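Input: a single structure, listed below in structure tokens.
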Amino acid sequence: MLEWGGTEGIALSVLLLDIHMPGQSGEELAGIISRNYPSVQMLALTNLDSVYYIKSMLSKGVRGYVLKTAIEPTLLEAIRKVYNGELYLETNLREKVLQDTLRASKELSVNPVLTTREKEVLQYIARDMTSQEIADKLFVAKRTIDSHRMSLFMKLGVKNMAGLVKKGIPLGLID
């Protein structure tokens with residue numbers, strides 16, 4: 001626990017937590033503290049600038065993330081913000097997380113998430129089966145298959161069956 005008397009004469013209490021510590025990792029400890037002591041404000045102070053660790057620590061209740069190379073004013077600002085319940089990421093770390101989030105969002109739109117049934121229907125479409133043939137094979141109504149087709153059109157951003165197959169093959173959705 002770090003006690004710091006600011007210029008305002010107020011003592012701030014913020015737990016500084018590293019990720020790699022002897023005995024127990026900071027990730028595990030952050031989760032335990034967050035669950036058992038929700039009022040404790042935690043700030044990760046570490047050498048690790050990986051987006052994975054930043055997101056992991058934030059998901060476990062840590063309110064800020066600062067590198068050990070940070071200059072004193074940066075560390076003090078982080079402590080103040082975390083103490084006040086705000087999130088704090090150093091500017092360069094915030095940029096890394098933002099870029100990773102944008103990349104992941106773009107990948108999700110390029111690689112849409114299909115349900116198991118949509119993938120199955122897409123396989124049958126690629127085998128040139130009609131909606132009725134697929135419905136009979138899967139023991140569902142033709143209308144259900146038509147609904148899956150429409151969902152596939154929207155998720156893959158295509159207008160017809162040829163587009164489904166053309167887009168599905170390079171995405172690895174069609175065997």
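The values are calculated or read from the model by the stated rules, or taken from the named source; none is laboratory data. None of these values were measured; they are calculated from a predicted model. All Cβ positions, glycine included, derive from the backbone under ideal geometry; neighbour counts span all protein chains shown. Keep in mind that these areas ignore ligands, DNA and RNA; they rest on the heavy atoms of the full protein, side chains included. Shrake-Rupley method; radii C 1.70, N 1.55, O 1.52, S 1.80 Å.
What FRET efficiency comes out for the pair Ser34/Val97, r = Cβ-Cβ distance, R0 = 25 Å, nearest 0.05?
In this case the efficiency is close to 0.80.
How much of Tyr65 can a 1.4 Å solvent probe reach, expressed as accessible area in Å² and rounded to 10?
Accessible area of Tyr65: about 0 Å².
Using the Karplus curve 6.51 cos²θ - 1.76 cosθ + 1.60 with θ = phi - 60°, what ³J(HN,Hα) values do you get for each residue of the stretch 122-134, in whole Hz, with x for Gly and Pro?
With coefficients 6.51, -1.76 and 1.60, one gets 4, 4, 5, 4, 5, 8, 6, 8, 7, 4, 5, 4, 5 Hz.
Would you work out which of Leu102, Ser25, Met129 lies farthest towards the positive end of the dipole of the chain, given +1 charges on the beta-carbon of Lys and Arg and -1 on that of Asp and Glu, about the Cα centre?
Selected residue: Met129.
Can you give the longest stretch of the chain with no exposed loop site, where a site means trypsin sites (Lys or Arg not before Pro) in a DSSP loop (not H, G, I, E or B) with at most 14 other C-beta atoms within 10 Å?
After excluding every exposed loop site, the longest remaining stretch is 1-67.
Report the relative contact order of the chain, percent, no decimals, based on alpha-carbon pairs under 8 angstrom and at least 6 residues apart.
It rounds to 14 percent for the chain.
Based on DSSP H runs of at least 4 residues, each adding -39500 (n - 2.57), what is the mean residue ellipticity at 222 nm of the chain after dividing by all its residues, to the nearest 500 deg cm²/dmol?
The helix-only estimate for the chain comes to -16500 deg cm²/dmol at 222 nm.
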